[in-house]
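Every number here is computed from the coordinates shown, using simple stated rules; none is lab data. What you see is a predicted model, and the numbers here were worked out from it, not measured in a lab. Reconstructed Cβ throughout: ideal geometry from the backbone, glycine too, with neighbour counts over all protein chains shown.
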Amino acid sequence: AQTVTQSQPEMSVQEAETVTLSCTYDTSESDYYLFWYKQPPSRQMILVIRQEAYKQQNATENRFSVNFQKAAKSFSLKISDSQLGDAAMYFCAYSTRVGSYGKLTFGQGTILTVHP
Amino acid sequence: NAGVTQTPKFQVLKTGQSMTLQCTQDMNHNYMYWYRQDPGMGLRLIHYSVGAGITDQGEVPNGYNVSRSTTEDFPLRLLSAAPSQTSVYFCASSSGTRRGYTFGSGTRLTVV
């Protein structure tokens, strides 16, 4: 079974600075998807960024980017120019491309605090 | 443009009571899911459905039932509530693996 591990229960960053959240996963599959979701205090789950394993290029969405290291099974999220609104719980998630019916396996989550 | 509508947002149950969490989506997604979120454990899959009339168990199905009579609706039933079922529950839907999920707003359930 696939597992996803987020080893940082909590992280903090100063406003306008850069922070990196770590995620590792364990799988025997070669074709899969990885996601980062954001959960602000409102509890709503919001998709931040998505990476397809067969793509070498790291995904980027505005201030959010990933460092995808397939051989190391690592998928970190970098938030640049951090804003107060980035404060949230962040979840890393994994899904195989074939046969999973879209089921996601989530990590434990990292709480990000942004200091003004 | 409702997306996934989940009700109620909060609920307190007594041990042994039953209840149904409602979930409706208006995006014509085939795939629907129920997860529970517990501190330090992330989100864990309870049940899922790949279309009307088809459901299957996830990682933590015990104590829960689901059905999918229409594409839109995917209710989650707690048969006899236990304190261990105190959690935040999320319903989600998807059109396929690549796109990720659209989530409901969650239900905070407390069983006393």
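Applying the criterion of at least 2 residues that are surrounded by 15 or more Cβ atoms within 10 Å (Cβ to Cβ) to the strands (runs of 3 or more DSSP E) found wholly in region B:17-101 leaves B:19-25, B:31-38, B:42-51, B:64-66, B:76-78, B:87-94.
When residue B:24 is tested against (1) touching a residue at least 60 places away in the same chain (Cβ under 8 Å); (2) in contact with a Cys (Cβ under 9 Å, 6 or more places away or on another chain); (3) away from every other protein chain (no Cβ under 12 Å); (4) of a type in the set (Ser, Thr, Tyr), only condition (1) is not met. Taken over region B:65-87, the residue count meeting the criterion of being within 14 Å of chain A (Cβ to nearest Cβ) and over 10 Å from the mean Cα position of the chain (by Cα) is 2. Within region A:44-57, residues that are within 10 Å of chain B (Cβ to nearest Cβ) reach partners that are part of a loop (DSSP other than H, G, I, E, B) with beta carbons closer than 7 Å, at six or more positions or on different chains, in the pairs A:44/B:105; A:47/B:100; A:49/A:59; A:50/A:59; A:50/B:100. Residues in region A:66-116 that are under 26 Å from residue A:31 (Cα atoms), assigned to a loop (DSSP other than H, G, I, E, B) and more than 14 Å from every other protein chain (Cβ to nearest Cβ): A:70, A:71, A:72, A:73.
Yes or no: residue B:19 within 14 Å of chain A (Cβ to nearest Cβ) and of a type outside the set (Gly, Ala, Ser)? When the stated conditions are applied, residue B:19 does not pass them.
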